[in-house]
Every structure is written in structure tokens, then in C-alpha cells.
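Below is one structure, written out as C-alpha cells; the observations come after it.
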Amino acid sequence: MIDWSKLTFHYTETDYIVRAACKNGVWEQPYATRDKMIPIHAAATGLHYGQECFEGLKAFHGIDGKVRIFRMEENAKRMHQSAEGLLMTPVPVELFCEAVLLALKMNIDFLPPYETGATLYFRPLLVATTPDISVGPGKDCEFVVIPTPIGPYFPNGFKGMPAMVNRSVDRAASQGTGCWKVGGNYAASFRASEAAHAMGYECMFTDAKTHKYIDECTASNFIGIKEVKGERLKAKGWEYITPRSSAILPSITNDSLMTLAKEMGMKVTRRKIRVEELADMQEAAACGTACVISPLTKVVDPDNNITYSFGDKPGPVLTKLYHALQDIQYGRVEDKHGWCLIVE
Ligand code: PLP
Ligand code: COI
């Protein structure tokens with residue numbers, strides 16, 4: 001029996017994973033299996049040359065008892081792009097969706113109940129299996145969907161966390177693989193994130209070329225909230241700012257929040273953000289599927305001996321955005337954009 005309230009962002013085994021292999025360009029039908037081990041040739045290009053990519057998406061148990069999967073097709077399309085980026089055989093969007101739906105159906109008992117704060121997370125993984133030692137892309141691959149019930153990504157949840165600017169380790173090169181969800185980006189970031197954790201911080205990555213601009217915050221996009229005053233604005237307004245960079249993952253959460261922010265009358269801007277601009281922001285956060293929105297209490301820039309403070313509690317704008325998104329995901333408000341697939 002799982003204690004849903006005790007779940008963290010770690011792997012809990014469920015009954016089934018779903019698998020489908022591609023051989024000579026032909027995909028097999030996805031199937032569910034209780035065996036969590038995938039046999040892989042020791043010479044597979046995925047193991048040697050990092051030819052693999054993955055995804056992350058969630059199913060929510062709604063207030064009405066219905067199950068909702070959030071923007072699954074967007075994850076399918078992004079995995080397609082990641083695969084193309086590494087010259088892998090992409091998983092067709094329909095096959096991706098079919099596999100996730102099968103993984104949900106076969107593990108429905110692992111969907112956390114409404115209001116536990118936990119969700120069923122799916123980790124689709126694509127790995128090149130062609131045995132070849134020569135340095136080049138393999139075309140055969142294995143696609144797996146691993147479901148696992150999860151709790152909050154950050155131990156503090158929506159309470160806020162401190163971050164530290166990093167300029168000594170690059171997560172991804174500016175013309176590299178940062179815009180795709182490939183394992184190598186994460187392995188490359190471990191030195192920085194573990195060093196930050198050891199000091200009690202999350203890591204804020206800067207652009208690899210100049211280290212002047214904010215790229216990502218932990219394994220999430222960055223958002224800043226800035227007060228704007230203009231003649232045309234009768235009352236105080238807010239600007240939602242998020243980095244434009246060739247090295248960051250196009251976050252589906254960020255995209256959804258930008259839409260919601262516009263609907264709330266906010267100005268939404270995607271542009272390069274210098275680290276010093278944190279001083280002009282009233283609120284700041286990391287955002288992604290796993291953490292939804294994780295507000296930052298402060299950002300320490302050790303190279304310049306500056307701390308940007310945002311207060312110990314989440315600010316009103318991020319709180320409003322957080323609830324607006326979660327209300328859609330849990331079916332508490334109308335899903336005007338058709339973001340959720342309701343699975344009966
Ligand atoms: N940036 C990185 C590096 C990530 O791993 C993720 C997580 O998927 C995100 C951003 C957020 O993307 P999404 O909102 O699609 O989960
Ligand atoms: C997310 O899903 O938001 C992430 O940050 C992905 C990470 C767990 C790899």
C-alpha cells in the first residue's frame with residue numbers, strides 16, 4: 001500500500017512498463033510487460049555515445065474523479081524533435097500517445113487520489129540499440145514508457161527555494177543539445193547542481209557563451225515577474241519574462257503559463273535576461289512538469305557578491321498562475337485550451 005502523502009520525486013515501481021522496439025525502420029506495436037529490465041547490446045550506440053532522449057508528463061486524478069493527461073501530444077512532438085536532433089529514428093506521435101495511454105491503463109491503481117498532491121508521472125525513454133563501435137548514429141532503438149507515482153519535485157513544494165548563479169559549469173553549449181531533452185545535458189549539469197545542493201541551493205545556469213544571461217534554473221525554465229508602470233496602464237501591471245536562448249528546453253509548462261499570463265492581462269516577454277536584471281523583478285521561479293512552479297526566495301550571485309531577494313513566501317502573481325494551471329490540470333475549471341485529454 002502506497003502512502004501517497006509521503007511520495008517524493010523518486011522512482012516507485014508500478015506493475016507494468018510499456019515497450020516498443022524499432023528495427024530496420026519498422027516500429028512494433030507497444031506492449032505492456034511486468035519485466036522492468038530492457039536487454040540492450042553492450043555495444044549499443046545509446047550506451048556509448050549518449051544517443052538517447054526522454055520525456056516527462058503527468059496524469060492527474062481530477063476533482064470529478066476523471067483522469068486527465070496534460071498536453072501529451074506536445075511531449076510526443078518534443079521527443080520527435082529530440083530524436084531528430086540526435087539523428088535517431090523518431091517515435092511517431094500516435095505511437096507515443098498509444099504507449100502512454102497503455103501505461104496509464106495498465107497501472108491505473110498507481111494513480112494517486114485527488115488532493116494528495118501526488119500524480120502519476122510518465123517517463124518515456126528512447127535509446128539507440130544498434131550495436132556499433134564506430135562513431136556514428138544507430139538507427140534501431142527501443143522506446144519505453146516508465147510510469148511512477150510522484151510527489152513534489154522540490155522538497156519545499158510551492159514554498160520557495162534559494163538558487164545560486166553558476167558560471168563555472170555549462171549545462172549545454174549555445175549551439176549544442178540544450179534545446180532537446182537528451183540525457184547528456186543532465187549528466188553535464190550534475191557537477192554544478194550537486195555543488196549548489198551541498199551549499200543548500202538550487203543551481204541557476206547561465207548561457208555557455210558569455211555567462212551573462214540566465215538560461216535555466218535547475219532542470220526547469222526560469223520565469224521572472226516584474227512590475228510595469230505605463231501611461232496606458234490604469235493600474236499597476238505585471239510583466240512575465242522568460243529567457244530566449246538556443247540552449248534551453250522549450251518547456252510545455254512555461255508555454256502554458258505564458259498563455260495564462262496573457263489571459264490575466266500580463267505583458268509576456270521572451271528575451272535574453274541579464275543576471276543583474278533580477279534586481280528589477282518582484283518574483284522569480286523555476287517552472288516545469290515536475291515542479292509546476294517553484295518560487296525562488298533568493299538568488300545568490302557569488303561571483304559578484306550580490307543576493308537578489310524575493311521574500312520567503314511565494315508572491316501573488318506566481319501564486320495566481322500556479323493555481324490557474326493546477327485548476328485546469330485537476331479539472332476544477334473549464335479547460336478552454338483543450339490541454340487535458342480526459343481518459344475515461
Ligand atoms: N528545462 C529542462 C532542462 C527540463 O528538463 C524540463 C523538464 O522537462 C523543463 C525545462 C520544463 O519542461 P516542461 O515544462 O515541458 O516539463
Ligand atoms: C520536469 O519535468 O519539470 C523536469 O524538470 C524534468 C526533470 C525531472 C528531468
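The values are calculated or read from the model by the stated rules, or taken from the named source; none is laboratory data. Remember, predicted model here, so these are calculated numbers, not experimental data. Neighbour counts are summed over all protein chains in view; Cβ atoms, including those assigned to glycine, are modelled from backbone coordinates with ideal geometry.
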Can you spot a residue in segment 108-116 that is within 16 Å of the chain's Cα centre (by Cα) and farther than 24 Å from A76 by Cα? no
Determine if segment 32-39 includes at least one residue that is of a type in the set (D, E) and either more than 25 Å from the chain's Cα centre (by Cα) or crowded, with 17+ Cβ neighbours inside 10 Å (or both). yes
Is it true that E194 is of a type in the set (D, E) and either touching a Gly at 6+ places or on another chain (Cβ under 9 Å) or within 12 Å of ligand 2 (Cβ to nearest atom) (or both)? no
Taking the condition of a type in the set (S, T, Y) and not in a loop (DSSP other than H, G, I, E, B), does S256 pass? yes
Test V67 against the criterion of being within 17 Å of P149 (Cα to Cα), among the β-branched types (V, I, T), surrounded by 18 or more Cβ atoms within 10 Å (Cβ to Cβ) and more than 16 Å from ligand 1 (Cβ to nearest atom), and give yes or no. yes
Please work out which one of (1) in a loop (DSSP other than H, G, I, E, B); (2) buried (at least 19 other Cβ atoms within 10 Å of the Cβ); (3) not aromatic (F, W, Y) is the condition A173 fails and give its number. (2)
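One line per residue, one yes/no per condition, for (1) in contact with a His (Cβ under 9 Å, 6 or more places away or on another chain); (2) among the aromatic types (F, W, Y); (3) within 16 Å of ligand 2 (Cβ to nearest atom):
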{"site": "V67", "(1), (2), (3)": "yes, no, no"}
{"site": "M72", "(1), (2), (3)": "no, no, yes"}
{"site": "N75", "(1), (2), (3)": "no, no, yes"}
{"site": "T89", "(1), (2), (3)": "no, no, no"}
{"site": "E94", "(1), (2), (3)": "no, no, no"}
{"site": "A103", "(1), (2), (3)": "no, no, no"}
{"site": "I108", "(1), (2), (3)": "no, no, no"}
{"site": "T130", "(1), (2), (3)": "yes, no, no"}
{"site": "G138", "(1), (2), (3)": "no, no, no"}
Is it the case that some residue within segment 247-255 is modelled with pLDDT of 95 or more, more than 25 Å from A172 (Cα to Cα) and in the same structural domain as R171 (by TED's automatic domain parsing)? no
Tally time: how many residues in segment 194-217 are of a type in the set (S, T, N, Q) and free of Cβ contacts under 8 Å to residues at least 40 places away in the same chain? 1
So which of I293, I273 is among the β-branched types (V, I, T), under 23 Å from Y121 (Cβ atoms) and surrounded by 14 or more Cβ atoms within 10 Å (Cβ to Cβ)? I293
Would you check if F54 is under 26 Å from the mean Cα position of the chain (by Cα) and farther than 14 Å from V145 by Cα? no
From (1) assigned by TED's automatic domain parsing to the domain that holds A21; (2) within 15 Å of ligand 1 (Cβ to nearest atom); (3) touching an Asp or Glu at 6+ places or on another chain (Cβ under 6 Å), pick out the condition that doesn't hold for Y121. (3)
Filter segment 13-64 for residues that are assigned to a loop (DSSP other than H, G, I, E, B) and within 16 Å of ligand 2 (Cβ to nearest atom); which is nearest to G117 (Cα to Cα)? G56
Being assigned to a loop (DSSP other than H, G, I, E, B) and not small (G, A, S) narrows K313, K298 down to just K313
Among the residues listed as F222, F154, F205, the single one being in contact with a helix residue (DSSP H, G or I) (Cβ under 8 Å, 6 or more places away or on another chain) and within 15 Å of ligand 1 (Cβ to nearest atom): F205
Which of the strands (runs of 3 or more DSSP E) found entirely inside segment 86-168 contain at least 2 residues meeting this: among the acidic types (D, E) and farther than 30 Å from A284 by Cα? none
Which one of the conditions (1) assigned to a loop (DSSP other than H, G, I, E, B); (2) modelled with pLDDT under 95; (3) polar (S, T, N, Q) does S5 fail to meet, given that it meets all the rest? (1)
Contact list please: Cβ distance under 8 Å, first residue in segment 53-77 and closer than 16 Å to P250 by Cβ, second residue more than 11 Å from ligand 1 (Cβ to nearest atom) and part of a loop (DSSP other than H, G, I, E, B), pairs at least six apart or on different chains. C53/L86; C53/M88; F70/W339; R71/W339; A76/V91
Does L102 meet the test of being at pLDDT 95 or above and more than 30 Å from V317 (Cα to Cα)? yes
